[in-house]
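Chemist: Got a structure for you, written out below as structure tokens; questions coming shortly.
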Amino acid sequence: MTRFFISSVCVGFGGGLGALARYASMQALQLVGLPEYIALMVVNVCGCFLIGIVFIWLEGSLRRDGTSRMRHLSVSQTLNDRTWWPEGDPTLPVVDHFFFALNLQVLAAVVITGFLGTYTTFSTFSLLSAQFVSQAAWGELMINLIGSVGLGYVAVWAGFFLGRIFVLR
């Protein structure tokens, strides 16, 4: 129950910061003249890039028990060569395992679920897409769909590769 409470507080804290960051980013991008849907796409693609970096960094730096969900991907090959990932380090004391697992959980709750979960927004993306359909704005719809989904996917992979560089330092 304590872990749930701590995680919930972390998600709430990160979520508040992420919502504020999204609002500020959207306002700044619209002030420089970008339409709302392009500003949202930029925010979402940046969030995808950041989540790729953060996820690989957390997995590569803090998950030392060999259970990473990314260990089979080519982006993780250089991480697999490290003595502690994915095989683990049996000499690491139990307290260190607990410490790393708790840090991983808290950081993932604050940064990934909280901050980046509210910084990027699928619901606003979907609402704007529906509005483009109702307005028969097919060009904007395609830019929104392809840009947000396609560039978001590419940005996550780019984040994975950059995150791997941070882990290997």
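Chemist: Hey, among the residues in the range 114-148 that are of a type in the set (Val, Ile, Thr), under 21 Å from the mean Cα position of the chain (by Cα) and crowded, with 16+ Cβ neighbours inside 10 Å, which one's farthest from residue 19 (Cα to Cα)? Break it down stepwise before answering.
Modeler: In the first step, residues of the range 114-148 are kept if they are of a type in the set (Val, Ile, Thr); the result is 118, 120-121, 124, 133, 143, 146.
From the residues that got through so far, the ones that are under 21 Å from the mean Cα position of the chain (by Cα) too are 118, 120-121, 124, 146.
Okay, now just the ones that are also crowded, with 16+ Cβ neighbours inside 10 Å, so 118, 120-121, 124.
Details: 118: 5, 120: 9, 121: 9, 124: 13 Å.
My answer is 124.
Chemist: Another question about this same structure. Restricting to the range 18-38, name every residue that is under 27 Å from residue 107 (Cα atoms) and either buried (at least 16 other Cβ atoms within 10 Å of the Cβ) or of a type in the set (D, E, K, R) (or both).
Modeler: Hits for the range 18-38 are 18, 19, 21, 22, 25, 26.
Chemist: If you don't mind, another one. Which of the helices (runs of 4 or more DSSP H) contained wholly in the range 1-82 include at least 2 residues that are over 14 Å from the mean Cα position of the chain (by Cα) and modelled with pLDDT of 70 or more?
Modeler: 2-31, 36-62
Chemist: I need the full set of residues from the range 143-169 which are among the aliphatic types (A, V, I, L, M) and farther than 19 Å from residue 120 by Cα, in order please.
Modeler: Within the range 143-169, 162, 165, 167, 168 qualify.
Chemist: Please go through the range 4-38 and give me each residue that is closer than 20 Å to residue 156 by Cβ and among the aliphatic types (A, V, I, L, M), ordered by number.
Modeler: Matches in the range 4-38: 21, 38.
The values are calculated or read from the model by the stated rules, or taken from the named source; none is laboratory data. Keep in mind the model is a prediction, meaning the values are calculated, not measured. Note that we place each Cβ from the backbone using ideal geometry, even for glycine, and neighbour counts take in every protein chain shown.
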